[in-house]
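Down below is the structure, laid out as structure tokens.
The values are calculated or read from the model by the stated rules, or taken from the named source; none is laboratory data. Predicted, not measured: the structure shown is a model, and the values here were computed from it. Reconstructed Cβ throughout: ideal geometry from the backbone, glycine too, with neighbour counts over all protein chains shown.
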Amino acid sequence: MDERKNITDELKATAPLLSSLSKKNPFVIPEGYFNELEESIRVATGIEPAKELQAKSPENPLMVPPGYFENLPAVIVQKAGSRKPGGMIRTIKKRWWAIAASVAAILIISISVLRDRPAETLASGTPIDTTFLLLENASGLPDAVVVEFYDMDNSSSSSDSLQHEYLIEASGIDAETILSL
Amino acid sequence: MVPSDEELLSLYAQPTSRELAFTRLVRRDQKKIYWFIRRMVIDHDDANDLVQDVFIKVWNGLSSFRKESSITHWIYRIAMNVTLTFLERKKKKYDTVSLDEVSADLLGKLHSGKNLGADRIEMKLQEAMIALPPKQRLVFQLRYYDEMPYEEMSAVLETSEGALKASYHHAVKKVEEYLKQGA
């Protein structure tokens, strides 16, 4: 800033007419010239444009295409202009609401079922119990299957594999799906 | 954000980001260097060729940059040499020891209409500058348009500050006289 003042003062003292002129650039250049210049220099030096996208700096590892930010305001203005007024901001899509509602419903049902079950069943916490609860909530097992399941003897004659087989048969869902639940 | 010399040199030191450093350097300094050359040679096509030539030299020489000055000053110095060589060649082409023919050629380009969107007084200023000897014109430009301190000019032009002050003073006087004619 001081240097600019020095230069102005210097000029005023020695060349008042020159100091009264504006320093605006009188020359014309082709539109978009400096973008083309950058490209020409790249070509002349053998630098590929993609290199910039690949290169990563420690402070910002994500790169954007050249000219992206320069053009972004114009793109936004253009897009904003083409939108109908009202109803243009939607932060969460409808299907996400549906998924969230389903998950909440499953959680509520699971909690209520766990709460209603006999204490000894809850205490057992075996993998087959978990499979059963998930199947019941996910696919809605018929009441008869539920009753049959609880009537099976967990401690002696029936093993987990036997109960798994029963659930597979009763629910109509394949074994892989049950195991993945 | 404009990258500093330190940031660019740090990027350049890594082989994987060398080209990125150069691209950012071009983006940072290309306009300054283009206008510096353009005011000297007037014609856009000539300036375009020369500015590309400058940056090719920068790319080839950046690995041996000695950090004795800023990168921008170093590029200015390359631009100055490239431009003076170009004007020298023109002089030889006209097979003359005088720069008058070269000036006449530059004036012709100035008045061709495709190069200047200027009013009358601006046109006169450009004419006055063309009439200056090339080295004096460089000094005038760096001080008047680029507002460069004498200390930095001294680093770019490798001339003492005293000599630069005298040269600028003479240039300003000549330009002022030219502007007054017919004003």
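Hey, can you tell me all the residues within the stretch A:1-33 that are closer than 15 Å to B:Val51 by Cα and at pLDDT 90 or above? The one that is closer than 15 Å to B:Val51 by Cα and at pLDDT 90 or above: A:Tyr33. Within the stretch B:1-27, track down each residue that is in contact (Cβ under 8 Å) with a residue 40 or more places away in the chain and closer than 17 Å to A:Asn35 by Cβ. Hits for the stretch B:1-27 are B:Phe22, B:Leu25.
Tallying residues that are farther than 26 Å from B:His44 by Cβ and within 8 Å of chain B (Cβ to nearest Cβ) within the stretch A:17-47 yields 1.
Exactly one residue out of B:Leu125, B:Leu132 is closer than 28 Å to A:Ile29 by Cα and modelled with pLDDT under 90, and it is B:Leu125. What about B:Ser98, is it at pLDDT below 75 and away from chain A (no Cβ under 13 Å)? Here the answer is yes, as B:Ser98 does meet what is asked. Checked against the criterion of being without any contact (Cβ under 8 Å) to a residue 12 or more places away in the chain and either crowded, with 16+ Cβ neighbours inside 10 Å or facing chain A (nearest Cβ under 10 Å) (or both), the stretch B:75-87 has no qualifying residue.
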